[in-house]
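Remarks on the structure that follows.
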Amino acid sequence: MNAQTPGAGTAPAAPAAPAPVAVALDAPDLGTAVALAEAVGPHVSTLKVGLELYLREGAEAVRAVREAGGREVFLDLKLHDIPNTVAGGARSVASLEPAYLTVHALGGTAMIRAAAEAAPRTKIVAVTVLTSMAEEDLGAIGLAGPSIDAVRRLAALSVAAGARAIVCSPREVAAVRAEVGAGIDLITPGVRPAGAALGDQTRVATPEQALADGADLLVVGRPITAAADPGRAAAEIAAALRR
């Protein structure tokens with residue numbers, strides 16, 4: 001009788017695929033951002049470098065975070081200026097090869113097109129209406145609402161101008177998907193696990209609901225980065241999305 005080797009014939013379990021989450025590394029310094037990237041990298045698909053970190057650390061922030069976390073980098077600068085200036089800004093970061101670069105959709109067709117042409121290997125992401133804005137805020141700045149209509153208009157304009165991804169709140173993602181169709185990445189900030197503090201977000205949903213409605217990438221910041229154990233918080237959100 002042949003002895004059975006423990007574990008023989010059993011393939012090792014494949015590592016779980018990273019969840020479609022971009023962790024917002026809004027850290028006070030590069031060391032903290034790198035530590036966060038190392039902790040959450042095994043569980044998520046994307047690491048987001050925002051304005052605060054990029055203005056403090058520059059290109060090194062993108063390189064260090066990518067190396068530490070081993071994931072794609074989402075460069076969230078929300079460029080908004082005349083087309084020539086935005087083209088120059090996009091061109092200046094194109095060599096860093098971020099997977100995503102944000103611009104404000106309110107900059108208009110020519111500005112979005114200029115960014116797309118200046119960084120052809122990066123997905124230009126058009127930010128529609130900030131998730132911190134409520135309905136009354138739109139009226140105060142003269143933007144015709146309700147927010148879902150404003151977001152749909154800006155999304156359609158942006159895609160026509162060459163944007164390959166759209167940022168909208170979880171509450172608008174189904175309507176935007178119907179507006180722009182397949183092939184455009186829909187990115188949703190304002191994602192909060194059930195029971196989490198809202199912070200300065202107003203138009204929110206749970207990660208599970210945002211994905212069910214058609215989001216491709218969820219932006220999560222403080223529920224992960226402010227947790228006592230960011231790696232565990234990221235793992236728990238990833239596990240919930242897999243279920």
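The values are calculated or read from the model by the stated rules, or taken from the named source; none is laboratory data. What you see is a predicted model; the values in this text were computed from it and never measured. FYI the Cβ positions are ideal-geometry reconstructions off the backbone, even for glycines, and counts take in every protein chain you see.
Okay, here's what the table says:
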quantity: Of the criteria (1) part of a helix (DSSP H, G or I); (2) of a type in the set (D, E, K, R); (3) at pLDDT 95 or above, which one D81 fails; calculated: (1)
quantity: Cross-chain or 6+ apart pairs with Cβ under 7 Å, the range 225-243 first and at positive phi and part of a helix (DSSP H, G or I), then crowded, with 19+ Cβ neighbours inside 10 Å and not polar (S, T, N, Q); calculated: none
quantity: Hey, T46 buried (at least 20 other Cβ atoms within 10 Å of the Cβ), within 24 Å of I237 (Cα to Cα) and of a type in the set (S, T, N, Q) or not; calculated: yes
quantity: Total residues in the range 143-189, condition of a type in the set (A, V, I, L, M, F, W, C) and on the phi > 0 side of the Ramachandran plot; calculated: 0
quantity: Long-range neighbours under 6 Å by Cβ, at least six apart or interchain, first residue among the acidic types (D, E) and crowded, with 21+ Cβ neighbours inside 10 Å within the range 154-168, second at pLDDT 95 or above and not in a loop (DSSP other than H, G, I, E, B); calculated: none
quantity: Flag for G31 being over 18 Å from the mean Cα position of the chain (by Cα) and under 30 Å from E236 (Cα atoms); calculated: yes
quantity: First in the range 66-83 and within 13 Å of E97 (Cα to Cα), second anywhere and of a type in the set (F, W, Y), Cβ under 6 Å, 6 or more apart; calculated: F74/Y100
quantity: Filter result (assigned to a helix (DSSP H, G or I), aliphatic (A, V, I, L, M) and in contact with a Leu (Cβ under 7 Å, 6 or more places away or on another chain)) within the range 52-73; calculated: L53, A59, A61, V62, A64, V65
